[in-house]
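Notes for the one structure printed next.
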Amino acid sequence: VNYSYNDRYLLSASIRHEGSTKFGANYKWGNFPAFSLGWNVTNEEFMQHVDFLNNLKLRLGFGITGTVPTDPYISLKKLDTGDNFYTGNGWISTLKPKSNTNPDLRWEKKEEWNLGFDYALFNNFIRGSFDLYKRTTKDMLWNYTVPMPPYLYDKMIVNAGTMENKGFEAQVIVTPVRTKEFTWNSTVNYSTNKNKLVSLSNDQFK
């Protein structure tokens with residue numbers, strides 16, 4: 001859904017319902033919403049006489065995305081050949097489990113907030129953007145040691161970790177020369193980034 005009122009106030013919202021057979025029986029599907037709000041400040045009446053400011057747009061956004069594991073069949077009990085035994089009709093191979101079942105295997109989810117603004121000054125001589133963001137990754141997958149019993153094997157890939165990522169991004173574009181035949185743009189980018197491993201455990205897995 002996209003909505004614009006008088007080219008001043010902007011709204012965009014969406015939701016995705018995605019499924020994958022790589023997940024456990026209890027979590028085949030995931031819901032991933034997103035929205036963003038925008039305000040074109042330069043289109044307001046009180047900005048009409050500010051000649052040096054060609055564009056000023058404030059933005060706020062939030063969204064969730066999901067990550068699918070690379071390997072298939074992680075949630076299922078896989079089988080392997082076991083010992084052979086002999087009958088009157090010949091040798092027969094047995095089958096035995098080779099992995100644990102995890103019906104709760106689910107999406108890694110990334111939740112991200114973004115706050116920023118776009119600007120242009122002096123007839124677009126200087127333009128660019130500034131952004132603050134914070135991303136939290138929940139239900140991260142990891143190969144954990146699990147007790148035997150109740151599990152058949154001592155290793156299992158489960159969702160338990162949390163990671164936090166936040167930073168600042170800035171872009172400045174300067175156009176010192178602009179003619180009909182030639183345009184010169186110079187761009188400077190700056191960014192900071194901080195990662196924090198919040199937890200690799202939850203109530204069940206350590």
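For the range 8-26, residues that are more than 14 Å from residue 59 (Cα to Cα) and either out of contact with any Pro (no Cβ under 9 Å at 6 or more places or on another chain) or not basic (Lys, Arg) (or both) total 11. Within the range 92-116, the residues that satisfy the criterion of being hydrophobic (A, V, I, L, M, F, W, C) and either without any contact (Cβ under 8 Å) to a residue 12 or more places away in the chain or buried (at least 17 other Cβ atoms within 10 Å of the Cβ) (or both) are 92, 105, 107. Of everything in the range 1-18 that is outside any strand (DSSP E or B) and not polar (S, T, N, Q), the residue that is most open to solvent (accessible area, probe 1.4 Å) is 1. A count restricted to the range 47-57 and to residues that are exposed (fewer than 14 other Cβ atoms within 10 Å of the Cβ) and under 38 Å from the mean Cα position of the chain (by Cα) stands at 3. If you go through the range 19-46 and pick out every residue that is within 30 Å of residue 73 (Cα to Cα), free of Cβ contacts under 8 Å to residues at least 24 places away in the same chain and open to solvent by 90 Å² or more (accessible area, probe 1.4 Å), you end up with 1. Residues that are open to solvent by 100 Å² or more (accessible area, probe 1.4 Å), in contact with a Pro (Cβ under 9 Å, 6 or more places away or on another chain) and in a loop (DSSP other than H, G, I, E, B) within the range 71-85 comprise just one, 77. Residues in the range 86-117 that are in a strand (DSSP E or B) and within 23 Å of the chain's Cα centre (by Cα): 108, 109, 110, 111, 112, 113, 114, 115, 116, 117. Quick check: is even one residue across the range 119-128 part of a strand (DSSP E or B) and open to solvent by 50 Å² or more (accessible area, probe 1.4 Å)? Yes, that holds for at least one residue. How many residues does the range 142-182 contain that are part of a strand (DSSP E or B), open to solvent by less than 40 Å² (accessible area, probe 1.4 Å) and closer than 25 Å to residue 101 by Cβ? So the answer is 7.
Would you check which residues across the range 1-55 are among the aromatic types (Phe, Trp, Tyr) and either touching a helix residue (DSSP H, G or I) at 6+ places or on another chain (Cβ under 8 Å) or under 20 Å from residue 115 (Cα atoms) (or both) and list them? The answer is 3, 9, 32, 35, 39.
The values are calculated or read from the model by the stated rules, or taken from the named source; none is laboratory data. Here the structure is a predicted model, which means the values were calculated and not measured. Every residue, glycine among them, receives a Cβ derived from its backbone with ideal geometry; neighbour counts consider all protein chains shown. Each accessible area value is taken on the protein alone, full model and side chains, heavy atoms only, with ligands, DNA and RNA left out. Shrake-Rupley method; radii C 1.70, N 1.55, O 1.52, S 1.80 Å.
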